[in-house]
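What follows is one structure encoded as structure tokens, with my remarks underneath.
Nothing in this text is a laboratory measurement; each read-out follows from the coordinates by a stated rule. Being a predicted model, the structure only gives us computed values, none of them experimental. Here the Cβ positions follow ideal geometry from the backbone for every residue, glycine too, while neighbour counts run over all protein chains shown.
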Amino acid sequence: MYNLRYPIGEFESPKVLNLVQINTDIERIERLPLLVKNQYIRFNNKNLQDPYRPDGWNAKQLIHHLAESHMNAYCRFKLALTEEKPVIKPYDQNKWCVTADNELTSPEVSISILVALHQKWTTLLRSMNEIEWGRTFYHPEYDILIPLYESVAQYAWHGEHHSAHLQLILDNN
């Protein structure tokens, strides 16, 4: 079950700011929309409803989740760059996954959002300097300050993590 839940392993947080690693993470974020788009075209209506593991999200939910999660990430970056240690708003991603817009909207819409969002987000990320990478936001759910260099690594992992879930579904059909 662990390999189904974490097909690429669990996220390992960087302990120090490393600009080489940050550039790699930005490239990973930049590649995600095309990766998901190429996976999506291999799905059919039936297997879009298949979960990647028992009690896991289905392919359609995963694609919508990526767009929603990364929209929140983008906003967190903007807040951290424009405010001092802003408090971010946590949300229940499981409840977001079952709202009507996710059930009734084609995953193609969320893929389009990912394409546009990641273009804008990677432009912002590439413009940041070393001081900006050290800026933080406060996550009240975990009671911690998260530096942007850690957040970019987490979202690079996050995209690949859920893309691997999509691949598990494709491989099982």
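The convex hull drawn around the Cα atoms of the range 1-102, when projected onto a plane and averaged over every direction, covers 8.6 nm². Close amide H partners of TYR52, meaning residues 5 or more places away or on another chain with modelled amide H under 5 Å apart, are TRP57.
Of the residues CYS97, CYS75, the one with the fewest other Cβ atoms within 10 Å heads the list, and the complete ranking is CYS75, CYS97. Assuming charge only on the beta carbon of Lys and Arg (+1) and of Asp and Glu (-1), the dipole of the range 2-171 about its Cα centre is about 300 debye to the nearest 20. In summary, the aspartates and glutamates within cross-link reach of LYS85, defined as a Cα separation below 18 angstrom excluding same-chain residues under 8 places away, comprise GLU130, GLU132, GLU141, ASP143, GLU150.
Shape annotation for the range 2-171: C-alpha extents along the principal axes are 48, 32, 29 Å, from largest to smallest.
With the dipole of the chain worked out from charges on the C-beta (+1 for Lys and Arg, -1 for Asp and Glu) around the Cα centre, which of LEU145, SER127, LEU34 lies farthest toward the positive end? After comparing all options, I get LEU34.
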